[in-house]
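Quick notes on the structure that follows.
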Amino acid sequence: MNLFDEIKNKLSNEFIDIIEWLDPSNDTIVHRFERYQNEIKNNAKLIVREGQTAVFVNEGQLADVFKPGTYTLNTKNLPILTTLKGWKYGFDSPFKAEVYYVNTRLFTDEKWGTKNPFMLSDQRFGLVEIRAFGTYSFRIKDPGKFVVDVVGTDGNFTNYEVNEHLKSLIVTRFTDTVGEANLPIELYAANTSELSETCQEVMQPEFGRVGIELEKFYIENVSMPEELKKEIFEYSRLDKLDLAKLSQFKAAKAMEAAAKNEGGTAGAGMGMGMGFVLAQQMGNMMGHTGTQQPFGGQPQQTAPPPIPAQVVYHYALNGQQAGPVTFDKLKELFASRTINRDSLIWKQGMANWAALKDIEELKVFLGGSTPPPLPTT
């Protein structure tokens, strides 16, 4: 018998009388107490430190679970294992059992996020794509259930392994919750705190089924395409501003920008054109009579022209034709989300129905319609 065999036989005859685990890392969740052909002898010491739980497993069956403290292992404090082993009158010989140490501290600042954008349906903007990301924290609430249902025979179960499972669960439940909330798209970014609390309530039962407690869940950001953001900003301004004033403001800004971009005589002509327009508007406001001649030498009419016929619109709602309604009424329907930019509209003179966003005078509802620059001379 060589020296190696002698050492091996000597080790196999030594029984473990102290069981403990000092965690050298910050990411280990479950560690199995390893031994080579060694057994646990009667009255061995079990040391469980704060933030740990010791779980005994016998031939794949969950046995006794120990909270922080120091224990002398015998039939008195191993009731489940005693039953599984059939120790009716105690035991003097060593026994074998798998011992798993479970880290029960709070794991914080864990990251989650949607790898791909997911689709939401909004009444005004149609189908939109959004992304979301944030953080969460968790702890092992039921160590026995977690070891049996998740860890299995893994001797060293890390934070990375459990996070891969939790992230998939979080993203799935998050998208379901957001979809069922049916909020206007701009409210998702503005109500992240309320949405975070709702998601945590929905997810907690799923975590609890495998012995995990979702301590905190945060949505840090809900993002959407830049084009959609601009549309939302413009739409929010429509709710606050008078449409007629907004149109006049945009027209004035466009004319000013066109005048600055044109050079030489053309730029001067554009500036003069703006002056004529403003002068005429001021003359109308001051109530010129037929005897007065503003710029251009043409006398103004002493009587107002006939009132033009009011344009009315028909619109499609739930596959049915509705209307006719006036321009102002159509604006109210859009503001109340009864119709949206993709709703079909028809008026006298149109050959076919068209989407609201494609009808020139209705583009002002979307907040992005401005006239083109005046042609240069």
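I need a count of the residues in region 19-47 that are in contact with a Gly (Cβ under 9 Å, 6 or more places away or on another chain), of a type outside the set (D, E, K, R) and surrounded by fewer than 20 Cβ atoms within 10 Å (Cβ to Cβ). Step through it out loud before you land on a result.
Taking region 19-47 first, the residues in contact with a Gly (Cβ under 9 Å, 6 or more places away or on another chain) are 23, 30-32, 34, 42, 46-47.
After this cut, where a residue has to be of a type outside the set (D, E, K, R) as well, the list is 30-31, 42, 46-47.
Subsequent filtering for residues that are surrounded by fewer than 20 Cβ atoms within 10 Å (Cβ to Cβ) retains 42, 47.
Number of matching residues: 2.
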- [ ] From I185, I140, I170, grab the single residue that is among the aliphatic types (A, V, I, L, M), touching a Cys at 6+ places or on another chain (Cβ under 9 Å) and touching a residue at least 40 places away in the same chain (Cβ under 8 Å).
- [x] I170
- [ ] Of all residues in region 114-163, count the ones that are β-branched (V, I, T) and modelled with pLDDT under 80.
- [x] 2
TODO: Count, please, the residues in region 169-195 that happen to be surrounded by fewer than 16 Cβ atoms within 10 Å (Cβ to Cβ) and either charged (D, E, K, R) or under 30 Å from E34 (Cβ atoms) (or both).
DONE: 3
Open item on the list: Taking the condition of being among the aromatic types (F, W, Y) and in a helix (DSSP H, G or I), how many residues in region 316-360 meet it?
Closed with: 2
Open item on the list: Taking the criterion of being of a type in the set (A, V, I, L, M) and either at pLDDT 85 or above or assigned to a strand (DSSP E or B) (or both), would at least one residue in region 4-12 satisfy it?
Closed with: no
Task: Selection count where residues are under 13 Å from I185 (Cβ atoms), out of contact with any Pro (no Cβ under 9 Å at 6 or more places or on another chain) and buried (at least 16 other Cβ atoms within 10 Å of the Cβ), scope region 126-165 - done: 1
Task: Test: L214 is in a helix (DSSP H, G or I) and out of contact with any Asp or Glu (no Cβ under 6 Å at 6 or more places or on another chain) - done: no
- [ ] Looking for whichever is modelled with pLDDT of 90 or more, in contact with a Lys or Arg (Cβ under 9 Å, 6 or more places away or on another chain), over 30 Å from L166 (Cα atoms) and buried (at least 18 other Cβ atoms within 10 Å of the Cβ) here; the options are Y71, Y100. Which one fits?
- [x] Y71
- [ ] Give region 190-204 a look and list any residue that's of a type in the set (G, A, S) and either modelled with pLDDT of 90 or more or in contact with a Pro (Cβ under 9 Å, 6 or more places away or on another chain) (or both), or say none.
- [x] none
- [ ] Test each condition in (1) at pLDDT 60 or above; (2) more than 17 Å from Y100 (Cβ to Cβ) for V48 and report the one that comes out false.
- [x] (2)
Open item on the list: As an exercise: evaluate P372 against (1) closer than 25 Å to A257 by Cα; (2) modelled with pLDDT of 80 or more; (3) not charged (D, E, K, R) and give the number of the one condition it does not meet.
Closed with: (2)
TODO: Please enumerate the residues belonging to region 175-188 that are in a helix (DSSP H, G or I) and either at pLDDT 85 or above or of a type outside the set (F, W, Y) (or both).
DONE: T175, D176, T177, V178, G179, E180, A181, I185, E186, L187
Open item on the list: Would you confirm, using the coordinates I've provided, whether L166 is under 21 Å from L127 (Cβ atoms) and in the same structural domain as L127 (by TED's automatic domain parsing)?
Closed with: no
Open item on the list: Conditions first: (1) part of a strand (DSSP E or B); (2) surrounded by fewer than 16 Cβ atoms within 10 Å (Cβ to Cβ). E110 passes all but one, so which condition is the exception?
Closed with: (2)
Task: strands (runs of 3 or more DSSP E) fully within region 23-63 counting 1 or more residues that are within 22 Å of E213 (Cα to Cα) and out of contact with any Asp or Glu (no Cβ under 9 Å at 6 or more places or on another chain) - done: 28-32, 52-58
- [ ] Report whether or not G208 is at pLDDT 85 or above and small (G, A, S).
- [x] yes
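The values are calculated or read from the model by the stated rules, or taken from the named source; none is laboratory data. This structure is a prediction, so every number in the text was calculated from the model and none was measured. Positions of Cβ are generated from backbone atoms using ideal geometry, with glycine treated the same way; all protein chains shown enter the neighbour counts.
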